[in-house]
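What follows is a set of notes on a single structure, which appears directly below.
The values are calculated or read from the model by the stated rules, or taken from the named source; none is laboratory data. Because the structure is a prediction, the values reported are computed rather than measured. Glycine gets a Cβ as well: all are built from the backbone with ideal geometry, and neighbour counts include every protein chain shown. The protein model used for the area step is the full one, side chains on, heavy atoms only, and it has no ligands, DNA or RNA in it. Shrake-Rupley method; radii C 1.70, N 1.55, O 1.52, S 1.80 Å.
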Amino acid sequence: MGEDERSLVPDLAALAGEILLSSGAEIFRVEETIDRICQAYGVASADAFVLSSGIFLTAGSNQERAFARVRHIPLSGTRLDRVAAVNQLSREIVAGAYTPLQAREKLLAIKHMPGKSRRTQTLAAALGSGSFCLLFGGGWSDCLVSCGAGLLLNLYL
């Protein structure tokens, strides 16, 4: 791997961290993924500090160029499909399956994965509300009311 590709690695790791954090991944998972990606591409001096709304990433030593990134990650909805896709990609990176440029393209594709349709989300909200009502001891009539409330709340939000 050339110096040009190696200079892309911290940005690649930060992008992976951004996708994970904005999709609802745990902070330790974000830090671990950033570290694994950097180590897989030979950047041993990377340090990531992750908070619930931001990533601070530094890299560099006497042998490597200095690098620092701070990224603010606004709150958004949970997207476990993206978390799973980035986790799988990071495993493949560690196994040596991708160059940094190929991994970047994969990450951009993951970042732009379409979400569930509005109809599917509304149906899931209604069924989820009714299921929790039954789970906590409600009757079938309570379940129907809960389904309606979940449906209305999802449409309102």
- Round to the nearest 0.05 the FRET efficiency obtained for residue 36 and residue 136 when R0 = 30 Å and r is the Cβ-Cβ distance. 0.15
- Which percent of the accessible area of segment 1-40 is formed by carbon and sulfur heavy atoms (probe 1.4 angstrom)? 42 percent
- Message: Calculate the FRET efficiency for residue 58 and residue 6 from the Cβ-Cβ distance with a Förster distance of 22 Å, rounded to the nearest 0.05.
- Response: 0.90
- Per residue, how much accessible area does the chain show when a 1.4 Å probe rolls over the protein heavy atoms, in square angstrom? 61 Å²
- What chymotrypsin sites (Phe, Trp or Tyr not before Pro) in segment 107-157 are in a loop by DSSP, with at most 11 other Cβ atoms within 10 Å of the Cβ? 136
- Could you calculate the contour length gain from residue 153 to residue 44, that is, 0.36 nm times the residue separation minus the distance between their Cα atoms, to one decimal place in nm? 34.4 nm
- Got a sec? Charge dipole of segment 69-157, +1 on Cβ for Lys and Arg, -1 for Asp and Glu; which of 132, 76, 154 is way out at the positive end? 76
- Item | Span-rule helices in the chain, defined as complete DSSP H runs reaching 15 Å or more along the axis (Cα) with Kyte mean at least 0.0 | 3-22, 27-40, 80-94, 118-135, 140-156
- Query: Looking at (i) 51; (ii) 40; (iii) 33, which value of percent of Cα pairs over 22 Å apart comes from a calculation on the structure shown?
  - Reply: (i)
- FRET efficiency for residue 109 and residue 66 from the Cβ-Cβ distance with R0 = 30 Å, rounded to 0.05, comes out at 0.50
- Message: Just to confirm the filter: which trypsin sites (Lys or Arg not before Pro) across segment 29-133 are DSSP coil and have at most 13 other Cβ within 10 angstrom of their Cβ?
- Response: 65, 116
- Using a cut-off of under 12 Å, list every residue of segment 139-157 whose amide N is near the label point 7 Å from the Cα of residue 118 along the Cα-to-beta-carbon line. 155-157
- Message: How far apart, in nanometres, would the label points at residue 144 and residue 99 be if each is projected 7 angstrom from Cα along the Cα-to-Cβ direction?
- Response: 6.3 nm
- Item | Relative contact order %, segment 20-157, counting alpha carbon pairs below 8 Å whose residues are six or more apart | 18 percent
